[in-house]
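S.K.: Sharing a structure below in structure tokens format, with a few things to ask.
The values are calculated or read from the model by the stated rules, or taken from the named source; none is laboratory data. Everything numeric here is computed off the predicted structure, so don't read it as measured data. Here Cβ is always computed from backbone atoms with ideal geometry, including for glycine, and neighbour counts include all displayed protein chains. Each accessible area value is taken on the protein alone, full model and side chains, heavy atoms only, with ligands, DNA and RNA left out. Shrake-Rupley method; radii C 1.70, N 1.55, O 1.52, S 1.80 Å.
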Amino acid sequence: MEERANRLLSPATALRVALVVFVLAWIFGPYALRSAVPILLVFLIALGLELNFLVSALRSTPSPRPDRRPQDVDRERYGYDHETDDLVLVRRGDEEVWVAYSGESAEEMEALLADVDASANEADEPAEVEPAQWRAVAPVRRFLVGLGIIGVLGLTIWFVESRTGWDSLDGSTRLEAVERFSDEGSLVADKPVSIYCDESRDFVGAVQHADGVAEVGGDHAYLTPEICYDLYRLGFEDEVKGSQTARALAVLAHEAWHLRGVSDEGTTECYALQSGVETGRRLGLSEGTARQLMRQQLTENALRGRGSFEYLVPPECRDGGRLDLDPGSARFP
Ligand SMILES: [Zn+2]
């Protein structure tokens, strides 16, 4: 029972439980987790650990290498209770036997061997030895179970992803949405720009830890599929998901301000939170809701900024401050 309890808490079991919990959290949990952690990397780490368990289990399997010294079974069989005697290996036909030798003559040696023969016949049952190839089966089976779990989790993510989110939209809908985002981005950038949704995640999301990418002064930007989907839901389905929608608007406007030529991150974010009001209104929000969402983003920026100073909006980002895009109005953003 104790051994069974140990097995339940083995590193492999702990890894699998942690993996399942993490993948569920990744699918159903906060959007921040999904955009911060590349799930493929998690699977690769899990696969590596499973391989490591397999290799170390196979290595720790005792090898059937013969031990030339007298074994316990020999000592018992031939009555060598003590290590004090010298033991010599004597070949008898095709068998080798150990006998205690303390300077006996050849005749005495013969007598000793005769004794050995007499007692050898009593216990001649072959010891049950598990064949080496069977010992490898259990670790390999455990490894295959681990592979199966990783496979099932991967399929689950693929299934969920293909039926929800940006990837679940058909091609023409996505094209229409992207054109709409580009129109909004062009208004903020004050020139024609193209907004793309980086479905293959070559540019944004996952590894880069960013929701969007744009070249300063360039003419195109990439957004993560999650940001694109939140913008789509707002513009095409009239769905507002609180701070998620606010973040998506802020990211679109942020990248558009980079395209307009602003490089400083804090300044870019400050302008984006002000432009986000108009962009949000154009995508279907009331002005009141749009302002409220952007103000909320400004508050979150101050909280987040402690961790990533670069993105913190400057103190001039306030009503009547140097970065106020509409100094005449008393509202900010
Ligand atoms: Zn930026």
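S.K.: Which length gain, in nm to one decimal place, applies between SER172 and LEU44 when the Cα-Cα distance is subtracted from 0.36 nm times their residue separation?
M.R.: Taking 0.36 nm per residue and subtracting the Cα distance, the gain is 42.7 nm.
S.K.: Considering only C-alpha atoms, what is the centroid distance from the stretch 160-233 to the stretch 270-333, in Å?
M.R.: Distance between centres, Cα-based: 21 Å.
S.K.: Between GLU215 and LEU187, what length comes free when the chain is fully extended (0.36 nm per residue of separation minus the Cα-Cα distance, one decimal in nm)?
M.R.: Here the answer is 8.4 nm.
S.K.: At what distance in nm do the modelled label points of GLU239 and VAL152 sit from each other, each positioned 7 Å from its Cα along Cα→Cβ?
M.R.: For the pair GLU239/VAL152, the computed spacing is 2.8 nm.
S.K.: Sticking with this structure for a sec: Given axes a ≥ b ≥ c from the Cα gyration tensor, I'd like to know whether the stretch 173-248 is rounded (a/c under 1.5), prolate (a/b larger than b/c) or oblate.
M.R.: Working: a/c = 1.60, a/b = 1.12, b/c = 1.44.
Note, shape of the stretch 173-248 comes out oblate.
S.K.: Might you tell me the accessible area per residue for the stretch 214-333, computed with a 1.4 Å probe and given in Å²?
M.R.: With the other protein chains kept in place, the stretch 214-333 gives 45 Å² per residue.
S.K.: Order the peptides 167-174, 193-200, 36-43 from the highest to the lowest mean number of other Cβ atoms within 10 Å of their residues.
M.R.: Peptide ranking by packing, descending: 193-200, 36-43, 167-174.
S.K.: Obtain the nm distance between the two label points defined at LEU51 and ARG281 by a simple spin-label model: each point lies 7 Å from its Cα along the Cα-to-C-beta direction.
M.R.: For the pair LEU51/ARG281, the computed spacing is 5.6 nm.
S.K.: Give the carbon-plus-sulfur fraction of the accessible surface of the stretch 194-296 in %, rounded to a whole number; probe 1.4 Å, heavy atoms of protein chains only.
M.R.: About 40 percent, which is the carbon plus sulfur part of the accessible surface.
S.K.: Pop the C-beta distance of VAL21 and THR289 into the FRET formula with R0 = 56 Å and round what comes out to the nearest 0.05.
M.R.: So, using R0 = 56 Å, E works out to roughly 0.95.
S.K.: Extending each Cα 7 Å along its Cβ direction at SER329 and SER200, get the distance between those two points in nm, one decimal.
M.R.: Each label point is offset 7 Å from its Cα along the Cβ direction, giving 4.1 nm.
S.K.: Now, a different point. Would you kindly state how much longer the chain becomes between PHE28 and SER162 on full extension, computed as 0.36 nm times their sequence separation minus their alpha carbon distance, in nm to one decimal? Mind showing how you got there, number by number?
M.R.: On the way: separation 134, 0.36 × 134 = 48.24 nm, distance 1.46 nm.
Full extension from PHE28 to SER162 adds 46.8 nm.
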